[in-house]
Amino acid sequence: MKRFITIGLLLAATNGFAFTVDEIVEKANQAAYYAGDDGSADVKMVITEANGGTRTREFRILRKNTGDGNQKFYVYFKAPADVNRQVFLVWKNAAQGKNDQRWLFLPDLNLVKPIAPGDKRTSFVGSDFVYEDVSGRALWEDKHELTGETDTQYIVKNTPVNPDSVEFSYYNVWIDKDTFLPRKAEYYNKEGKLYRVVEALKVETIQGFPTVIESKVSDLDDGSNTVNTFSNVKYNIGLNEQLFTERFLRRPPREATK
């Protein structure tokens, strides 16, 4: 049963330690995106349309933490043929007021296409995920409020500081108290209607890090959904930061293709 509480500086407590809502969302961000110094995973994406038809994507994600909350992501697509050898590259800038840099390499056109900051909420390779889902949303872009909790989870409401920059009015996130992994997010549109749900369906501990190995996004307006299944997950593998440069968009490294 949910226990709704008064919002104040002292917002939550576990194991005798108190956390503010900013500490909770920071811990959740670390758990979801910063495990280890770097990492890699193979991903199978299944997109299910409202009519029941399905499409599949297969890709590998490489990620490296570069200090001060900054990160770099390299996503290499392997299948099907229409996306084979496409690369999505992100340089994540955690500094307040700074935008991430994102590029998409289209091999058929031999074209490197920058992704504008305003496009980060658009569909990621035709799925129900958006570009921002891959590398995460900057914490400073939202105001955070602890609206409730259960015995095992915190419930945090997130309202955009710049509402004109996004398609949602706010979203609620359920965060595990033991692992601090976000387990569900519900997005509400400008009319206050729930239209999008993101869920962590399966979690395993890998190399000591609680890890989401199956996630799902549901578009409640379209009736479509996308499920990502993660395998071959590894942390602290010693990735070279040089892999995350434009040079390797056209010539993918073996770390991405093997």
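What to note about this one:
Residues are listed down the side, and each one gets a yes or a no for (1) more than 23 Å from Asn158 (Cα to Cα); (2) in contact with a Cys (Cβ under 9 Å, 6 or more places away or on another chain); (3) assigned to a strand (DSSP E or B):
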{"position": "Lys184", "(1), (2), (3)": "no, no, yes"}
{"position": "Thr205", "(1), (2), (3)": "yes, no, yes"}
{"position": "Lys234", "(1), (2), (3)": "yes, no, yes"}
{"position": "Leu239", "(1), (2), (3)": "yes, no, no"}
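- Unmet criterion (only one of (1) more than 15 Å from the chain's Cα centre (by Cα); (2) surrounded by fewer than 19 Cβ atoms within 10 Å (Cβ to Cβ)) for Leu104: (2)
- One residue from Lys113, Lys44, Lys27 being basic (Lys, Arg) and either at pLDDT below 95 or in contact with a His (Cβ under 8 Å, 6 or more places away or on another chain) (or both): Lys113
- Cross-chain or 6+ apart pairs with Cβ under 7 Å, region 71-84 first and without any contact (Cβ under 8 Å) to a residue 40 or more places away in the chain and more than 16 Å from Phe230 (Cβ to Cβ), then among the polar types (S, T, N, Q) and surrounded by fewer than 21 Cβ atoms within 10 Å (Cβ to Cβ): Pro80/Thr56
- Region 61-89, residues that are within 17 Å of Ala35 (Cα to Cα) and either crowded, with 19+ Cβ neighbours inside 10 Å or of a type in the set (S, T, N, Q) (or both): Ile61, Leu62, Arg63, Lys64, Asn65, Thr66, Asn70, Gln71, Lys72, Phe73, Tyr74
- Yes/no for Ala94 being at pLDDT below 95, in contact with a helix residue (DSSP H, G or I) (Cβ under 9 Å, 6 or more places away or on another chain) and not basic (Lys, Arg): yes
- Considering region 42-72, the residues that are closer than 20 Å to Gly97 by Cα and outside any strand (DSSP E or B) include one that is farthest from the chain's Cα centre (by Cα), namely Asp68.
- When Val212 is tested against (1) more than 20 Å from Val125 (Cβ to Cβ); (2) of a type outside the set (Asp, Glu); (3) part of a strand (DSSP E or B); (4) in contact (Cβ under 8 Å) with a residue 24 or more places away in the chain, only condition (1) is not met.
- Just one residue in the set Arg121, Arg85 is in a loop (DSSP other than H, G, I, E, B) and within 18 Å of the chain's Cα centre (by Cα); that residue is Arg121.
- Boolean, Glu199 is within 19 Å of Phe124 (Cβ to Cβ) and in a strand (DSSP E or B): yes
- Hey, Ile213 within 28 Å of Lys78 (Cα to Cα), in contact with a Phe, Trp or Tyr (Cβ under 6 Å, 6 or more places away or on another chain), among the hydrophobic types (A, V, I, L, M, F, W, C) and surrounded by 13 or more Cβ atoms within 10 Å (Cβ to Cβ) or not: yes
- Every residue from region 99-114 that is in contact with a strand residue (DSSP E or B) (Cβ under 6 Å, 6 or more places away or on another chain) and in contact (Cβ under 8 Å) with a residue 24 or more places away in the chain: Asp100, Arg102, Trp103, Phe105, Val112
- Condition check for Lys113 on (1) more than 15 Å from Ala185 (Cβ to Cβ); (2) part of a loop (DSSP other than H, G, I, E, B); (3) of a type outside the set (A, V, I, L, M): one failure, at (2).
- Index of the failed condition, Thr179 passing every other in (1) in a strand (DSSP E or B); (2) farther than 29 Å from Ala50 by Cα; (3) touching a residue at least 12 places away in the same chain (Cβ under 8 Å): (1)
- Residue list for region 124-137, restricted to those being under 12 Å from the mean Cα position of the chain (by Cα) and either in a helix (DSSP H, G or I) or among the hydrophobic types (A, V, I, L, M, F, W, C) (or both): Phe124, Phe129, Val130, Tyr131, Glu132, Asp133, Val134, Ser135
The values are calculated or read from the model by the stated rules, or taken from the named source; none is laboratory data. These numbers were taken from a predicted model, which means no experiment stands behind them. Ideal geometry is used to build each Cβ from the backbone, glycine not excepted, and the neighbour counts take in all protein chains shown.
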